[in-house]
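Just so you know, all these numbers are worked out from the coordinates, no wet-lab data involved. Here the structure is a predicted model, which is why all the values come from computation and not from measurement. So basically every Cβ, Gly included, is an ideal-geometry build from the backbone, and we count neighbours across all protein chains shown.
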Amino acid sequence: AIINGGWETYANHNMREFATRNYTGIGSEGGVMEVWIYEMATAADALGLYNDPELAATNPDADQPVDIGDNVLLETIGGSGKQLRFTRDNYFITVVVTGTTTSQYARSEVILIATGIDGEIAS
């Protein structure tokens with residue numbers, strides 16, 4: 001995979017490598033899920049990327065999940081879509097679900113996937 005634009009933001013935070021996956025046909029609603037996992041040199045680098053102004057949240061949800069990662073932020077994107085960003089150790093992870101008919105469905109999906117990824121990194 002390649003980063004299409006914005007490479008400097010990730011390089012400035014000492015990104016070692018990353019993986020990305022896209023899934024279509026999420027649930028009966030036919031949504032799209034995108035997952036990005038960035039391995040940084042240190043936990044401080046992951047936190048730096050999480051807090052970078054270039055990646056700042058524009059519409060954070062009032063009700064934030066608390067049992068995921070070291071730092072977590074859930075936000076609404078594109079009407080009913082959801083984006084969840086979190087750090088765990090030296091990883092920065094983003095999970096996005098769009099194209100669903102309800103934001104509650106998108107929320108439950110990003111939390112489910114993020115919780116699974118978090119559990120794998122933590123173990």
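Can you pull the semi-axes for the chain, root of five times each eigenvalue of the Cα gyration tensor, sorted largest first, whole Å? Please report the intermediate quantities before stating the final value.
Values: eigenvalues 106, 46, 40 Å².
Computed over the chain, the values are 23, 15, 14 Å.
For Thr24 paired with Glu120, estimate the spin-label separation in nm (one decimal), with each label point 7 Å from Cα along the Cα-to-Cβ line.
It works out to 2.2 nm between the two label points.
Per-residue ellipticity at 222 nm for the chain, helices alone: DSSP H runs ≥ 4 residues times -39500 (n - 2.57), over residue total, nearest 500 deg cm²/dmol?
Details: 3 runs with 33 residues, N = 123.
Computed ellipticity for the chain at 222 nm equals -8000 deg cm²/dmol.
Measure off 7 Å from each Cα along the Cα-to-Cβ vector at Glu17 and Glu54, then give the distance between these two points in nanometres to one decimal.
That separation, rounded to one decimal, is 2.2 nm.
Residues of region 10-53 with the amide nitrogen closer than 19 Å to a label point 7 Å from the Cα of Thr102, along Cα-to-Cβ, please.
25-33
For labels at Ala41 and Glu8 in the simple 7 Å Cα→Cβ model, what's the distance in nm?
1.9 nm
Where does helix 103-122 land angle-wise versus the long Cα axis of the chain, in degrees 0 to 90, nearest 10?
Computed tilt is about 40 degrees.
State log₁₀ I(q)/I(0) for region 60-120 at q = 0.23 Å⁻¹ as given by the Debye formula over alpha-carbon point scatterers of equal weight, solvent excluded.
-0.85
Based on Cβ point charges of +1 for Lys and Arg and -1 for Asp and Glu, what charge dipole magnitude is obtained for region 35-123 about its Cα centre, in debye rounded to the nearest 20?
260 debye
Using per-residue counts of other Cβ atoms within 10 Å, averaged over each peptide, order 45-51, 101-107 from highest down.
With the highest mean Cβ count within 10 Å placed first, the list reads 45-51, 101-107.
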